[in-house]
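The values are calculated or read from the model by the stated rules, or taken from the named source; none is laboratory data. Quantities reported herein were computed from a predicted structural model and do not represent experimental measurements. Note that each Cβ is placed from the backbone with ideal geometry, even for glycine, and that neighbours are counted across all protein chains shown. Only protein heavy atoms, including side chains, enter the accessible area calculation; ligands, DNA and RNA are left aside. Shrake-Rupley method; radii C 1.70, N 1.55, O 1.52, S 1.80 Å.
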Protein chains: 2
Amino acid sequence: MTTATTTERIYNFSAGPAVLPLQVLEKAQSELTNLNGIGMSIMEISHRSKAFEEIIARAEKGIRDLLNLPENYHVLFLQGGASLQFSMVPMNFLSKDRSADYILTGTWSKKAAKEAKRVGPVNIAATAEDGNFKRIPRQEELKLDEQAAYVHITTNNTIHGTQWRKEPETGNVPIVADSSSEILSRAIDVQKYGLIYGGAQKNLGPSGVTVVIIRDDMLKLVPDGLHTMLDYRVQVENKSLYNTPNTFGIYIIDLVCQWIRDKGGLAQMERENEAKAKLLYDAIDATDFYQGHAEREARSLMNVTFRLPSEDLEKQFAKEATAAQLDGLKGHRSVGGLRASIYNAFPREGVEALVSFMKEFERKNG
Amino acid sequence: MTTATTTERIYNFSAGPAVLPLQVLEKAQSELTNLNGIGMSIMEISHRSKAFEEIIARAEKGIRDLLNLPENYHVLFLQGGASLQFSMVPMNFLSKDRSADYILTGTWSKKAAKEAKRVGPVNIAATAEDGNFKRIPRQEELKLDEQAAYVHITTNNTIHGTQWRKEPETGNVPIVADSSSEILSRAIDVQKYGLIYGGAQKNLGPSGVTVVIIRDDMLKLVPDGLHTMLDYRVQVENKSLYNTPNTFGIYIIDLVCQWIRDKGGLAQMERENEAKAKLLYDAIDATDFYQGHAEREARSLMNVTFRLPSEDLEKQFAKEATAAQLDGLKGHRSVGGLRASIYNAFPREGVEALVSFMKEFERKNG
């Protein structure tokens with residue numbers, strides 16, 4: 001084994017797994033062989049030890065406090081990513097006689113609807129697939145069913161760079177939301193949601209932990225006979241410790257929550273995220289050389305997607321940006337172009353560096 | 001955030017998550033903010049990046065080389081632990097018309113059989129529950145079905161401290177094995193197995209990764225219509241990257257495999273594990289003060305379970321051992337007594353320290 005060379009850290013625009021706060025990484029690094037003086041690594045202690053029980057309780061409280069969760073919401077730390085939630089949600093809430101509404105705003109919501117159809121009837125309440133998911137459906141387009149078990153939305157669409165900036169009105173039907181790529185990036189009105197889920201690897205921590213926030217009354221819908229690991233009731237009753245969870249991932253989530261709290265909480269995160277996104281969107285709008293993929297009203301604060309006049313220029317842009325320590329800007333193949341992912345931990349200075357780079361690139365190639 | 005105090009590392013007998021090689025922890029620590037000079041942490045890079053592709057390919061090759069896997073075996077890095085495999089195995093291989101044999105040797109094999117019964121017919125080919133799972137069933141006790149899809153065994157029983165030191169003879173029926181608490185601790189005859197699975201948190205790495213080794217012909221049994229994440233064919237086709245895996249966990253597994261290889265591979269691991277276990281079992285057998293839980297022929301090389309003359313003495317032993325930097329020795333509540341888990345990374349010096357402690361404890365209290 002060789003020792004890493006110590007070059008500087010770069011600006012990392014990866015869509016996920018994504019940049020984490022340097023303070024969190026340094027804290028984890030300082031105690032990786034010896035957690036808080038106990039003589040063992042966080043990776044080496046039982047999930048039922050006192051040391052880990054404190055960590056998972058603090059991680060839960062961190063999410064609770066930041067989102068201001070009412071008591072009737074449970075916080076779970078599961079495995080399998082959002083993709084396994086695509087299946088667990090309908091397994092727990094749907095049946096042959098109980099349907100759900102799905103609003104399609106991109107690749108991930110389509111995948112969620114596909115798994116739901118294996119379990120019960122699915123009503124596609126609206127889709128934005130015309131125009132390659134550039135927009136979020138308007139309220140008057142939604143064909144909602146008042147009897148639905150839930151309305152499923154993807155609150156931020158990582159690939160296309162769109163975001164529900166305000167939840168759809170769903171009456172008495174709870175929203176079930178995949179918030180993988182925006183969770184804890186801003187304050188939300190949690191009461192509208194029956195369940196919120198998200199892979200941790202964008203705003204919360206490393207990959208391999210799925211955070212699920214579930215309103216207690218949703219558990220009444222769960223049928224008997226589900227496989228144990230796929231039953232939300234089991235996970236709630238066992239406080240995420242039915243079996244061994246991803247202990248290291250939960251430890252990092254705890255540290256990330258502390259970091260957000262120390263910065264001023266979700267209101268401050270939202271202000272910073274809005275300011276970062278505005279810098280980039282203003283740069284895009286200032287010239288015809290750059291064209292945003294998403295419609296203005298649907299623009300994401302987390303993933304900024306844009307095109308250049310030609311694919312050759314886009315390739316050149318990504319290559320030169322990487323050389324300038326601005327990494328991970330190549331867009332997803334289903335959209336093309338460039339994508340700047342600027343999650344909570346992405347620093348404003350990195351956005352400013354990208355804006356400067358964009359101006360210089362246009363000057364040379366525009 | 002505070003900085004950890006730097007006390008010494010202790011001897012950690014935890015049953016899992018368990019001790020890791022200090023060299024692996026120090027390597028991960030040295031590059032936690034900057035992986036191999038790329039300017040990003042292992043936790044911050046895309047699972048589709050070149051840097052991570054190299055890591056997952058090397059982790060797979062590490063397991064392949066150590067186990068000497070033939071080409072017709074696939075290696076997967078999944079999530080959800082052995083507990084989710086309890087469900088995935090029958091979902092993929094059982095049906096209303098195709099049964100499986102389960103041999104019950106402890107808590108975990110009972111749980112595996114319980115999930116299988118949700119899917120199809122299960123034949124309990126033998127159980128060692130009489131006498132609280134002190135032994136492994138003998139070949140002549142097994143009521144095997146020649147038509148079974150597979151025979152399920154738990155190769156090492158963490159809670160009870162027993163181990164299949166030689167696989168049962170199953171004819172043409174493949175063995176499906178939960179090897180969570182012994183995988184990579186010794187060489188095995190892989191050809192007897194249709195599938196081997198294990199949570200990583202004992203011999204392989206941190207919790208949150210499940211290693212699945214699957215023989216190609218087993219995939220023919222998989223029915224259509226399974227939920228995508230639960231379908232082994234999807235995971236094989238996508239080489240564990242259908243969605244974002246636990247990238248950090250896979251990185252540690254890669255380092256652990258390198259560490260085992262550098263030590264001399266599985267033959268050397270087995271020699272060391274046998275020698276460590278012998279030290280402890282000899283100490284137990286040298287006196288009536290200590291009584292092993294498992295029958296001699298069934299004794300595990302990984303988890304050594306033993307009792308003292310009274311529960312009060314057992315409590316006192318665990319407490320004084322912890323004070324002497326010998327941690328995690330309290331037995332599982334379903335067996336009681338003490339348990340010393342001495343996986344690959346547990347050092348021989350720690351076993352020697354425990355043996356000395358045992359002698360001294362008996363001298364004072366015997």
Looking at (1) open to solvent by 20 Å² or more (accessible area, probe 1.4 Å); (2) facing chain B (nearest Cβ under 9 Å), which is the only condition A:Pro70 fails? (2)
Could you tell me which of the residues A:Gln85, A:Gln29, A:Gln79 is polar (S, T, N, Q), in contact (Cβ under 8 Å) with a residue 40 or more places away in the chain and at the interface with chain B (Cβ under 7 Å from one of its Cβ atoms)? A:Gln79
Enumeration of residues in segment B:64-91 that are of a type in the set (S, T, N, Q), more than 24 Å from B:Ala298 (Cβ to Cβ) and out of contact with any Lys or Arg (no Cβ under 8 Å at 6 or more places or on another chain): B:Asn68, B:Gln79
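Please state which one of A:Gly81, A:Gly39 is on the phi > 0 side of the Ramachandran plot and crowded, with 22+ Cβ neighbours inside 10 Å.
The unique qualifying residue is A:Gly81.
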Looking at this structure, is B:Ser14 among the hydroxyl-bearing types (Ser, Thr, Tyr) and in a helix (DSSP H, G or I)? no
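B:Leu144: of a type in the set (A, V, I, L, M, F, W, C), in the same structural domain as B:Val222 (by TED's automatic domain parsing), in contact (Cβ under 8 Å) with a residue 40 or more places away in the chain and more than 23 Å from B:Gly199 (Cβ to Cβ), yes or no? I'd like the intermediate steps shown before the answer.
On the way: of a type in the set (A, V, I, L, M, F, W, C): yes; in the same structural domain as B:Val222 (by TED's automatic domain parsing): yes; in contact (Cβ under 8 Å) with a residue 40 or more places away in the chain: yes; more than 23 Å from B:Gly199 (Cβ to Cβ): yes.
Considered against the rule, which asks whether it is of a type in the set (A, V, I, L, M, F, W, C), in the same structural domain as B:Val222 (by TED's automatic domain parsing), in contact (Cβ under 8 Å) with a residue 40 or more places away in the chain and more than 23 Å from B:Gly199 (Cβ to Cβ), B:Leu144 comes out as yes.
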Among the residues that make up segment B:154-173, is at least one of them farther than 27 Å from A:Asp224 by Cβ, within 22 Å of the chain's Cα centre (by Cα), outside any loop (DSSP other than H, G, I, E, B) and not polar (S, T, N, Q)? no
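Please go through segment B:292-330 and give me each residue that is small (Gly, Ala, Ser) and under 21 Å from B:Gly16 (Cβ atoms), ordered by number. If you could, list the steps in order and put the result at the bottom.
The first filter runs over segment B:292-330 and keeps only residues small (Gly, Ala, Ser), leaving B:292, B:294, B:298, B:300, B:310, B:318, B:321, B:323-324, B:328.
Result: B:Gly292, B:Ala294, B:Ala298, B:Ser300, B:Ala318, B:Ala321, B:Gly328.
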Taking only segment B:126-176 into account, find how many residues are among the aliphatic types (A, V, I, L, M) and under 28 Å from B:Ala15 (Cα atoms). 8
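When you scan segment A:222-245, how many residues do you find that are charged (D, E, K, R) and not in a loop (DSSP other than H, G, I, E, B)? Can you show your working first?
Just the residues of segment A:222-245 that are charged (D, E, K, R), to begin with: A:224, A:231, A:233, A:237, A:239.
The next check asks that each one be not in a loop (DSSP other than H, G, I, E, B); those that pass are A:233, A:237.
Number satisfying all stated conditions: 2.
Looking only at segment A:232-260, count every residue that is closer than 26 Å to A:Gly194 by Cβ and either of a type outside the set (D, E, K, R) or not assigned by TED's automatic domain parsing to the domain that holds A:Leu84 (or both) and tell me the total.
First, pick out the residues of segment A:232-260 that are closer than 26 Å to A:Gly194 by Cβ: A:232-243, A:245-246, A:249-250, A:253-254, A:256-257, A:260.
Narrowing further to those that are either of a type outside the set (D, E, K, R) or not assigned by TED's automatic domain parsing to the domain that holds A:Leu84 (or both): A:232, A:234-236, A:238, A:240-243, A:245-246, A:249-250, A:253, A:256-257, A:260.
Total satisfying the criteria: 17.
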If B:Arg271 satisfies every condition in (1) more than 20 Å from the chain's Cα centre (by Cα); (2) without any contact (Cβ under 8 Å) to a residue 60 or more places away in the chain but one, which is the exception? (1)
When segment B:191-221 is checked residue by residue, the ones that are away from chain A (no Cβ under 14 Å) and open to solvent by 10 Å² or more (accessible area, probe 1.4 Å) are B:Gln191, B:Lys192, B:Arg215, B:Asp216, B:Asp217, B:Leu219, B:Lys220, B:Leu221
Name the pairs whose Cβ atoms lie under 7 Å apart, with the first residue in segment A:1-14 and under 26 Å from A:Ile342 (Cα atoms) and modelled with pLDDT of 50 or more, the second part of a loop (DSSP other than H, G, I, E, B) and open to solvent by 70 Å² or more (accessible area, probe 1.4 Å), and 6 or more positions between them or separate chains? A:Ile10/A:Gln325; A:Tyr11/A:Gln325
I'd like the residue in segment B:236-250 that is farther than 22 Å from A:Leu20 by Cα and open to solvent by 20 Å² or more (accessible area, probe 1.4 Å) and, out of all such residues, is nearest to the other protein chains (Cβ to nearest Cβ). B:Tyr242
Within segment A:114-126, does at least one residue satisfy the condition of being closer than 24 Å to A:Lys202 by Cβ, crowded, with 22+ Cβ neighbours inside 10 Å and either more than 14 Å from chain B (Cβ to nearest Cβ) or at pLDDT below 95 (or both)? no
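Quick check on segment A:35-56. Is at least one of its residues aliphatic (A, V, I, L, M) and under 17 Å from the mean Cα position of the chain (by Cα)? Working first, answer last.
Applying the first criterion (aliphatic (A, V, I, L, M)) to segment A:35-56 yields A:35, A:38, A:40, A:42-43, A:45, A:51, A:55-56.
Adding the requirement that they be under 17 Å from the mean Cα position of the chain (by Cα) leaves none.
No, that holds for no residue.
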Kindly establish whether A:Glu71 is in contact with a strand residue (DSSP E or B) (Cβ under 8 Å, 6 or more places away or on another chain) and farther than 30 Å from B:Asp224 by Cα. no
Checking B:Glu140 against (1) open to solvent by 20 Å² or more (accessible area, probe 1.4 Å); (2) at pLDDT 95 or above; (3) assigned to a loop (DSSP other than H, G, I, E, B), the condition it does not meet: (3)
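For segment A:240-253, enumerate the residues that are over 22 Å from the mean Cα position of the chain (by Cα) and under 20 Å from A:Ile63 (Cα atoms).
Residues of segment A:240-253 that are over 22 Å from the mean Cα position of the chain (by Cα), as a first pass: A:241-244.
Matches in segment A:240-253: A:Leu241 only.
If the requirement is being out of contact with any Phe, Trp or Tyr (no Cβ under 9 Å at 6 or more places or on another chain), open to solvent by less than 30 Å² (accessible area, probe 1.4 Å), in the same structural domain as B:Leu226 (by TED's automatic domain parsing) and closer than 24 Å to B:Lys143 by Cα, which of these qualifies: B:Ser109, B:Ser95, B:Ser99?
On the way: B:Ser109 fails: out of contact with any Phe, Trp or Tyr (no Cβ under 9 Å at 6 or more places or on another chain); B:Ser95 fails: open to solvent by less than 30 Å² (accessible area, probe 1.4 Å).
Selected residue: B:Ser99, the only one of B:Ser109, B:Ser95, B:Ser99 that is out of contact with any Phe, Trp or Tyr (no Cβ under 9 Å at 6 or more places or on another chain), open to solvent by less than 30 Å² (accessible area, probe 1.4 Å), in the same structural domain as B:Leu226 (by TED's automatic domain parsing) and closer than 24 Å to B:Lys143 by Cα.
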Report yes if some residue within segment B:98-112 is touching a Lys or Arg at 6+ places or on another chain (Cβ under 6 Å) and touching a residue at least 24 places away in the same chain (Cβ under 8 Å); otherwise report no. yes
Filter result for A:Thr322 (surrounded by fewer than 19 Cβ atoms within 10 Å (Cβ to Cβ) and of a type in the set (Val, Ile, Thr)): yes
Of all residues in segment B:325-344 being open to solvent by 20 Å² or more (accessible area, probe 1.4 Å) and in contact (Cβ under 8 Å) with a residue 60 or more places away in the chain, the one that is nearest to B:Leu279 (Cα to Cα): B:Arg339
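Can you say whether B:Arg98 is within 26 Å of B:Leu338 (Cα to Cα) and among the charged types (D, E, K, R), as far as the supplied structure shows? It would help to see each step written out before you state the result.
Details: within 26 Å of B:Leu338 (Cα to Cα): no; among the charged types (D, E, K, R): yes.
So B:Arg98 does not fit the description; no.
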